[in-house]
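Notes to accompany the following structure.
The values are calculated or read from the model by the stated rules, or taken from the named source; none is laboratory data. Everything numeric here is computed off the predicted structure, so don't read it as measured data. As a convention, Cβ positions derive from the backbone with ideal geometry for all residues, glycine included, and neighbour counts pool all protein chains shown. These area figures cover heavy atoms from the full protein model, side chains too; ligands, DNA and RNA do not enter into them. Shrake-Rupley method; radii C 1.70, N 1.55, O 1.52, S 1.80 Å.
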Amino acid sequence: MSVRRSPFWILALGLMGLTLAQSVAEILELVEKNLASPWQAVVQGQVQGPSGTENLQARVYALPKENLYRIEFLKPGSLEGNFTVVTEKEVWNYLYLTNQLIISPKEKAQVQGLGFSPQGLGDLKALSERVSLRLAGEERLPEGPAWRLVGQAKEGQGFARLELYILKADPRPLRFLFLDEAGKVLADLKVVEFKRASLTPSQLKRYPKDAQVVRR
């Protein structure tokens with residue numbers, strides 16, 4: 001006996017198929033479009049420091065179309081008052097204790113405290129060039145259903161594997177989990193207090209007028 005399927009079930013099955021067929025490239029494209037306008041957020045969690053696990057908290061400001069990002073460190077105490085600015089070609093690291101602004105070419109710079117550049121929060125395509133990501137399913141987080149992307153990092157990244165959680169309803173990163181080869185967590189960072197913002201390049205590039213500027 002044949003079973004007739006209602007239009008509702010046909011539509012539901014079709015949508016399910018689209019969900020399952022979602023590729024990493026398609027997800028990253030959704031994130032890129034969603035985060036094209038200026039935004040800000042707080043990144044918080046735990047990182048493995050030289051003396052053990054430390055709490056990290058930082059504010060991130062983004063002008064994606066300008067390839068301009070600023071991250072202001074609030075915790076731990078050793079980084080409080082420091083900030084990093086990532087431009088299209090350079091990284092500026094401001095050190096509060098010495099009142100120095102150290103400017104380095106982007107390809108040589110070490111962005112302190114996070115284990116990844118702050119532009120990775122908004123420019124996931126750039127991050128995906130350093131990590132071979134694949135879709136590993138979905139998880140329900142407090143913010144809602146999220147895609148779970150996992151991948152192996154290329155050499156020289158400071159971590160071996162990455163787990164990345166992307167909010168489905170409002171495509172943007174919610175959580176970054178960095179691990180070493182043995183599976184030990186190097187950093188577990190969540191993106192909270194996300195909101196659209198009115199930002200200008202001069203706001204993101206500001207630094208103390210009396211800072212010593214050092215180019216490397």
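Data overview
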{"read-out": "Filter result (of a type in the set (Phe, Trp, Tyr) and modelled with pLDDT of 95 or more) within the range 161-216", "value": "TYR165, PHE194, TYR207"}
{"read-out": "Candidate set: the range 181-204, residues that are in contact with a Pro (Cβ under 8 Å, 6 or more places away or on another chain) and of a type outside the set (S, T, N, Q); chosen: the one most open to solvent (accessible area, probe 1.4 Å)", "value": "ARG196"}
{"read-out": "Single residue of the range 61-91 satisfying the filter (part of a loop (DSSP other than H, G, I, E, B) and small (Gly, Ala, Ser)) that is least open to solvent (accessible area, probe 1.4 Å)", "value": "GLY81"}
{"read-out": "LEU135, sole failed condition from (1) of a type outside the set (D, E, K, R); (2) modelled with pLDDT of 90 or more; (3) out of contact with any Lys or Arg (no Cβ under 6 Å at 6 or more places or on another chain); (4) under 29 Å from GLN203 (Cα atoms)", "value": "(4)"}
{"read-out": "Residue selected from the range 134-165 under the condition farther than 18 Å from ASP180 by Cβ and open to solvent by less than 40 Å² (accessible area, probe 1.4 Å), by the criterion nearest to the chain's Cα centre (by Cα)", "value": "TYR165"}
